[in-house]
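A.B. asks: Handing you this structure, nothing more for now.
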Amino acid sequence: MTIATIARIETWAYRVPLSQTVETSFGIMRDRPAVFVRIEDDQGVFGWGEIFANWPAAGAEHRARLVLEDIAQLLLGENARRPEAAFQELTRKTHIRALQCGEFGPFAQAIAGIDGALWDLCARAEGKSLRGFLNDNAPDIIPAYASGIDCRKEEAVVDAARHDGHVAFKLKVGFDDQDADHVARHAAGLGPGETLYLDANQAWSADLASEFLTDIEGIPVGWLEEPIPADAPEQSWLDLRERSKILLAGGENIVGLDAFRSAIQSGIFGFIQPDVAKWGGVSGCCRVGQMTVAAGLTYCPHFLGGGIGLLASANLLAAVGGGGRLEVDINSNKLRDAFSIPSLQNGMMALSTAPGLGVETLPEAIDRYKTFHSEVSV
Ligand SMILES: [Mg+2]
């Protein structure tokens, strides 16, 4: 049998201006960017991946070019059906270049998107959904939760998410000393069977995080995500874990299999949240998810970007299992919604059974937001 080889790599960057900005404790998103990558082999089979581009604000076009100008030549002509080997090779071969420019994040993110595209390609070649390709027994229906809710907003925002079929809601906190009051207000509005999660986006010192935990004592909270910086001393994280019954969550800012393994073994976290577009792609995040579940913790993919990455996260969660929920951003994002993302019912999302991620072409509706498109081929 002939080996299918990588024949063509294309990237796109997009930006959609926002009428309502999206605020986190560390910055304001004034537009919604996304970077998509398409890889095609010499037999005409193709796959789609997404590369993290939310931060820095100017990063999307840089990453789209990085794939074509620094990485593509390492891929063209290589075996298209061995994504995990390609992930290892690319990580190894770009290491010195990433060291030289100090841009470990952009390289890791570009490789994550490439990895996702190769897995999609392989699943499509077999005529299977990505989750079915990863795991024959993967379910078609997964639990999800509403994310990206600014705690300062009115209860109407949670109501709208509830109306869209959500039963679990994640509030962004870490803004000011009113955070706990806002959390109490939203908690009081929850119905039976509904869950509240909190995400501080690394806003606090250990002392401020501890104060916050005191302030919300008695309020039922499913998890507290990144109360302190991901690189804070392990002892600070362990102290917070000891300090409260509320389980801690993190992972979107952890890079590398070894770092995830230590996080899983540390006893700090109840929930591990790798991002398929930031580090690891499908290869790395699937392994992290499996290690998480094997250790008795819950795998919940982090994702706050466009449609391709969300569909990859959904398929990963279905393939890995373990009862975690898919992160679904409730803020307006045309670069996500144009991809016909399945709606929710009673907190559950029914996924498409089409091959791969179920994406054939980029939706025409997003064309006017394109800021970069180019390709390289053999
Ligand atoms: Mg987060």
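Just so it is clear, none of the values below were taken in a lab; they were calculated from the coordinates. Computed from a predicted model, the values in this text were never measured in an experiment. Here the Cβ is made from the backbone with ideal geometry for all residues, glycine too, and neighbour counts use every protein chain on show.
A.B. asks: Does region 6-128 come out rounded, prolate or oblate by the C-alpha gyration tensor, with a ≥ b ≥ c the root eigenvalues, rounded set by a/c under 1.5 and, if not, prolate when a/b is larger than b/c and oblate if not?
C.D. replies: It comes out oblate by the Cα gyration axes.
A.B. asks: Right, something else. Classify region 132-350: rounded, prolate or oblate, from the alpha-carbon gyration tensor (a ≥ b ≥ c, eigenvalue square roots; a/c under 1.5 rounded; otherwise prolate if a/b is larger than b/c)? Working shown, then result.
C.D. replies: Details: a/c = 1.76, a/b = 1.12, b/c = 1.57.
Oblate, since a/c reaches 1.5 and b/c is not below a/b.
A.B. asks: Using mean Cβ contacts within 10 Å as the protection proxy, how do 102-114, 299-311, 249-261 order, highest first? Please report the intermediate quantities before stating the final value.
C.D. replies: Numbers: 102-114: 22.9, 299-311: 27.7, 249-261: 19.3.
Final packing ranking: 299-311, 102-114, 249-261.
A.B. asks: With r defined as the distance between the Cβ atoms of ILE219 and ALA160 and R0 fixed at 30 Å, what FRET efficiency is calculated, to the nearest 0.05?
C.D. replies: Efficiency for this residue pair is about 0.85.
A.B. asks: What are the GluC sites (Glu not before Pro) within region 124-175 that DSSP puts in a loop, where the Cβ has at most 15 other Cβ atoms within 10 Å?
C.D. replies: Answer by residue number: GLU126, GLU154.
A.B. asks: Could you sort the peptides 29-41, 205-217, 169-181, 283-295 by per-residue average Cβ neighbour count (10 Å cutoff), highest mean leading?
C.D. replies: Listed from highest to lowest mean packing, they are 29-41, 283-295, 169-181, 205-217.
A.B. asks: Measure nothing but the geometry: give the 0 to 90° angle between the long axis through the Cα atoms of 179-188 and the longest principal axis through the Cα atoms of the chain, rounded to 10°.
C.D. replies: Relative to the chain, helix 179-188 is tipped by roughly 90 degrees.
A.B. asks: Using a Cα-Cα cut-off of under 25 Å, which lysines could be cross-linked to LYS370, ignoring same-chain neighbours fewer than 8 residues away?
C.D. replies: LYS370 reaches LYS278, LYS334.
A.B. asks: While we're here: Contour minus end-to-end for GLU84 and PHE26, with contour as 0.36 nm per residue of separation and end-to-end as the Cα-Cα distance?
C.D. replies: Gain on extension, GLU84 to PHE26, equals 17.5 nm.
A.B. asks: Tell me which lysines have Cα within less than 16 Å of LYS172's Cα, excluding those fewer than 8 residues away on the same chain?
C.D. replies: Answer for LYS172, where 16 Å is the Cα cut-off: LYS153, listed by chain and number.
A.B. asks: Moving on to the next point. Roughly what would the spin-label model give for LEU257 and ASP42, points 7 Å off Cα along C-beta, in nm?
C.D. replies: 2.9 nm
A.B. asks: I would also like to ask the following. Highest mean first, what order results for 185-195, 76-86 on Cβ atoms within 10 Å?
C.D. replies: 76-86, 185-195
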